[in-house]
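Note sheet for the following structure.
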Amino acid sequence: MAETVHFSHRPVMLEPCMEGLQIKPDGIYIDGTAGGAGHSSAIASRLGERGRLIALDQDETAVAVASERLSVFGERARVVRSNFCELASVCESLGIDRIDGLLLDLGVSSYQLDTAERGFSYQADAPLDMRMDVRNPLTARTVVNEYSEDALRRILFEYGEERFSSRIASNIIRERAKAPIETTGELVEIIKRSIPLAQRDGGHHPAKRSFQALRIEVNSELDVIAPAIRSAVRLLSPGGRIAIITFHSLEDRIVKQTFSELAQGCTCPKNFPICVCGRRPEVKVITKKPILPDAEELEINPRARSAKLRVAERL
């Protein structure tokens, strides 16, 4: 049974998300990152008999657990194994041409972090994997052992904002020339040796940034955000809302910029007497500044400390 899997995922900023979505009892909603079904359950519980929730996740364990937990809602809730970037095709296959809201929680689930063999955590020694979808042929082992030094440096610097990316990449190349790097533990030791003790951020594990960077590369996390937002906005009914939780600055920047672009109207030069571009705003940004978790939530769920919530509404 799915529930025998220890899949604990405390939904981040649950009430602000529900308020942001302004759920209508007869609406159609998508949770693009079902995880442990915390947000999904909250959405489904606010729907009436005519309402509908579609929960998506690319992780097969999440799909199994979410299906079990959402079964109490009967036909009102359905779980589909898919990446949220495939939102349009999922809706088409289900005969859905309009939705009333979309929620995305872009964080890694507690289950994925806490399950050592998934290879997401720098706290346990495990095979280098980091795939959210095990059907993905690309693993962290492949990236670490087959990417060029320049590619590794770029990934660590751009996706992890790691100051010592060049030194880490160089040491990875040196070590893998002796033998393939197989485990998270081996990689952590290489990273530790690459960062001078005096330069380490005392509040974070020295491998945190590098592991984030590799995870983003393996799962193409940043590449899918903007296209998914645009796809969702095209599906939203007027007044429908999209709410997105991010956990690091790279994600948040993409969400903020994409919302801003979609909220922009005419782009003609100011000296044009009339608009010739014909561009009209597609959304209204509800959150001029991101919503942050409050002190009470941070005390209960420390993993929420870097979370930011942004909301936009379809015009």
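The values are calculated or read from the model by the stated rules, or taken from the named source; none is laboratory data. Not measured: the values here are computed from a predicted model. FYI the Cβ positions are ideal-geometry reconstructions off the backbone, even for glycines, and counts take in every protein chain you see. Only protein heavy atoms, including side chains, enter the accessible area calculation; ligands, DNA and RNA are left aside. Shrake-Rupley method; radii C 1.70, N 1.55, O 1.52, S 1.80 Å.
Tabulated results
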| quantity | calculated |
| --- | --- |
| Relative contact order (percent, whole number), the chain, Cα cutoff 8 Å, 6+ residue spacing | 17 percent |
| The chain: antiparallel DSSP beta bridges as a percent of all, rounded to 5 | 40 percent |
| Among 278-289, 95-106, the order from most to least packed when residues are scored by Cβ within 10 Å on average | 95-106, 278-289 |
| Fraction of accessible area attributable to carbon and sulfur, the stretch 106-191 (%, probe 1.4 Å) | 48 percent |
| Estimated distance in nm for a label pair at S306 and S71, the labels positioned 7 Å out from Cα along Cα-to-Cβ | 3.6 nm |
| Ranking by accessible area, most exposed first, for H39, H204 with a 1.4 Å probe | H204, H39 |
| Globularity ratio of the stretch 68-119, using Cα Rg and 2.2 N^0.38 Å | 1.44 |
| R253, R215, R135, reordered so the largest accessible area comes first (probe 1.4 Å) | R135, R253, R215 |
| Radius of gyration, Dmax [the stretch 260-305; alpha carbons; angstrom] | 19.0, 56 |
| Kirkwood Rh and Cα Rg combined as Rg over Rh, evaluated for the chain | 1.00 |
| Amide H partners (placed H, <5 Å) of T33, local residues excluded | L56, D105 |
| Where labels lie 7 Å past Cα in the beta-carbon direction, separation of C268 and R253 in nm | 3.4 nm |
| Projected area, mean over directions - the stretch 188-263, Cα convex hull, nm² | 6.6 nm² |
| Size of electric dipole in the chain: Cβ of Lys, Arg +1 and of Asp, Glu -1, about Cα centre, debye, nearest 20 | 1060 debye |
| Candidate residues Y147, Y29, Y111: accessible-area rank, largest first, probe 1.4 Å | Y147, Y111, Y29 |
